[in-house]
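Just below is one structure, and these are the notes that go with it.
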Amino acid sequence: MTCGLTRRQFAAGLSATAAATAAPPAFAQAAPRIVVVGGGFGGATAARFAKQLMPRADVTLVERSLPYMACPFSNLVIAGLRDIGAQAFRLERIQARGVRLVADTARDIDPARRTVSLAGGGELSYDRLILSPGIDLRWGALEGYEAGAETAMPHAWKAGEQTRRLRRQLEDMEDGGLVVMSAPAAPYRCPPGPYERASLIAHYLRTQKPRSKLILLDAKNEFSKMALFQAAWAEHYPDHLEWRAARDDGRVSRVDPGSMKLETDFESFSADVANIIPPQKAAAIAGRAGVADATGWCPVDATRFESTLQPNIHVIGDAAIAAPMPKSAFSANLQGKLCAMQVVRLLSGLEAEATALANTCYSYVTPQGAVSIADVYRNDGGTFESVEGAGGVSPVEAPGDVRRAEAREAEAWFAAITTEAFG
Amino acid sequence: MTLKGALAAMTGLALAACAGEAGKAREPATLAAGTGEAARLAAACSGCHAGPGAEIASLEGRSAGDIRAMLGAYKSERGGTTVMHRLSRGYTDTEIEAISTYLATQAEGG
């Protein structure tokens with residue numbers, strides 16, 4: 001084990017700094033106002049760290065959906081290997097650290113007046129706004145997959161009711177049924193997520209409904225950790241999982257939730273359970289703030305995480321264009337910490353400064369086996385760049401104990417990242 | 001800002017506090033330390049190492065020398081299978097030094 005310290009140590013170090021920073025009454029400068037929209041892995045982290053780094057700041061976190069339901073590990077819930085309750089996180093501990101929690105929906109943002117209006121009627125003023133709103137689905141981008149289609153054909157790409165629904169449909173399916181998944185073109189939330197999900201559903205079918213099968217239709221020819229997933233599928237699920245690349249007519253062009261049909265250019269599939277992971281974009285509030293571009297995602301200066309379209313608005317997490325950093329919980333959490341640092345620097349008259357960044361992401365290929373991808377990036381010069389010679393995936397040829405070790409690390413990672421984000 | 005700079009800034013802060021200077025001068029100094037180069041580099045570590053420390057160990061009580069030695073071993077070992085082998089190769093020796101010292105200092109402070 002290498003670089004690291006516990007959350008308690010890290011927080012203790014920060015609060016030591018915080019105590020020294022407490023301003024005497026003579027210091028009558030108005031408290032800087034930092035508003036964070038979105039209480040997930042990016043926003044909850046950013047709010048907590050901003051308050052710790054700058055205790056005199058007025059930090060407000062807006063989240064509409066409490067408790068927050070975490071997406072990482074939700075594929076285990078779908079496969080019946082984990083309770084959905086383990087995905088729920090409350091934000092009270094962040095509140096206890098002095099962050100004002102507003103359980104409401106950010107309805108609109110006025111960049112000129114620097115205000116966030118709330119669905120509940122209030123309005124928040126900010127000096128710096130951190131947007132970490134996550135994704136919205138592009139309803140209708142896949143023909144037939146309009147709002148409402150997720151009842152018959154769940155996406156389960158936002159954790160919660162949809163996760164439970166897909167799980168229930170798999171449980172209710174007769175042995176011998178056909179499960180069909182549709183994976184989108186990049187970019188989308190959690191690049192290896194569809195393949196981890198396919199692996200775990202295939203495990204469920206093999207062990208519980210062995211006459212059933214999963215077909216994964218893909219709008220891509222290549223995907224994250226591809227060699228690792230394909231090796232695992234050949235070893236564990238040769239009769240239960242078939243992946244079809246875009247070049248092999250894998251791209252779904254139309255779905256019909258009424259008849260449970262998915263169509264590619266040349267073929268039609270009748271599904272007993274259909275999981276559609278549709279094309280995505282930054283959540284709608286980003287568009288209303290004017291920080292999303294024609295792609296639907298949010299361009300940012302990589303050093304400051306500040307929108308290139310609107311000053312004083314920073315965007316982190318899945319909504320931001322941070323490639324080659326993936327849209328992952330680890331990326332969002334690190335961006336939350338670094339963005340908080342840059343925001344308090346800017347509010348204190350200091351320049352934003354570049355750094356090295358990292359990502360780590362584990363995917364289960366079996367209930368006891370996982371694979372990983374890791375990478376290091378630099379954000380000087382306003383863009384994110386991968387560091388040459390660093391990063392990569394787990395070895396493809398590896399004994400089972402390497403996979404088992406990474407599964408245990410994955411579990412420890414989930415405990416760490418959720419502590420780091422939600423206190 | 002270098003780690004040395006960050007520590008110097010914190011020392012400066014302590015002196016300023018003793019001298020009873022106005023807080024206005026303090027905040028930039030502590031912020032500079034808390035958001036300095038070493039703090040930024042080390043921010044990635046707690047994304048995995050903030051847990052109780054079983055499968056992914058915590059560094060509680062580790063010295064800067066121990067942390068540096070481990071990171072160096074990960075960086076140089078060929079054929080390693082963990083994420084740390086792949087991550088450590090992305091940092092210069094100077095950065096590893098800064099991260100190690102920062103983490104050890106933070107742990108002491110806790």
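The values are calculated or read from the model by the stated rules, or taken from the named source; none is laboratory data. Because the structure is a prediction, the values reported are computed rather than measured. Positions of Cβ are backbone-derived with ideal geometry, glycine not excepted, and every protein chain shown enters the neighbour counts.
When A:Arg138, A:Arg48, A:Arg90, A:Arg56 are checked against the criterion of being among the charged types (D, E, K, R) and more than 19 Å from the chain's Cα centre (by Cα), A:Arg56 stands alone in meeting it.
Residues in segment A:374-408 that are more than 24 Å from B:Ser76 (Cβ to Cβ) and small (Gly, Ala, Ser) were compared, and the one that is surrounded by the most Cβ atoms within 10 Å (Cβ to Cβ) is A:Ala407.
You will find that of A:Met341, A:Met325, the residue that is buried (at least 24 other Cβ atoms within 10 Å of the Cβ), at pLDDT 95 or above and touching a Phe, Trp or Tyr at 6+ places or on another chain (Cβ under 8 Å) is A:Met341 and no other. Only residues that are touching a Gly at 6+ places or on another chain (Cβ under 8 Å) and among the aliphatic types (A, V, I, L, M) were counted in segment B:51-75, giving 3. If you filter segment A:372-387 down to residues that are out of contact with any Phe, Trp or Tyr (no Cβ under 7 Å at 6 or more places or on another chain) and more than 9 Å from every other protein chain (Cβ to nearest Cβ), you find that the one that is farthest from A:Ala329 (Cα to Cα) is A:Gly381. For segment A:66-83, filtering for residues that are in contact with a Gly (Cβ under 8 Å, 6 or more places away or on another chain) and farther than 17 Å from A:Ala410 by Cα leaves 3. Given the options A:Ser348, A:Ser372, name the one that is within 26 Å of A:Asn75 (Cα to Cα) and either under 18 Å from the mean Cα position of the chain (by Cα) or not assigned by TED's automatic domain parsing to the domain that holds A:Ile201 (or both). Of A:Ser348, A:Ser372, the one residue that is within 26 Å of A:Asn75 (Cα to Cα) and either under 18 Å from the mean Cα position of the chain (by Cα) or not assigned by TED's automatic domain parsing to the domain that holds A:Ile201 (or both) is A:Ser372. Here A:Gly317, A:Gly349 are screened, and the one residue that is over 25 Å from B:Thr94 (Cβ atoms) and within 13 Å of chain B (Cβ to nearest Cβ) is A:Gly349. Scanning segment A:58-70 for residues that are part of a loop (DSSP other than H, G, I, E, B) and buried (at least 23 other Cβ atoms within 10 Å of the Cβ) turns up just one, A:Glu63. When B:Thr101 is tested against the conditions (1) of a type in the set (Ser, Thr, Tyr); (2) surrounded by fewer than 21 Cβ atoms within 10 Å (Cβ to Cβ); (3) in contact (Cβ under 8 Å) with a residue 40 or more places away in the chain, the lone failure is (2). For segment A:65-83, the count of residues that are touching a residue at least 24 places away in the same chain (Cβ under 8 Å), touching a strand residue (DSSP E or B) at 6+ places or on another chain (Cβ under 9 Å), hydroxyl-bearing (Ser, Thr, Tyr) and away from every other protein chain (no Cβ under 14 Å) is nonzero.
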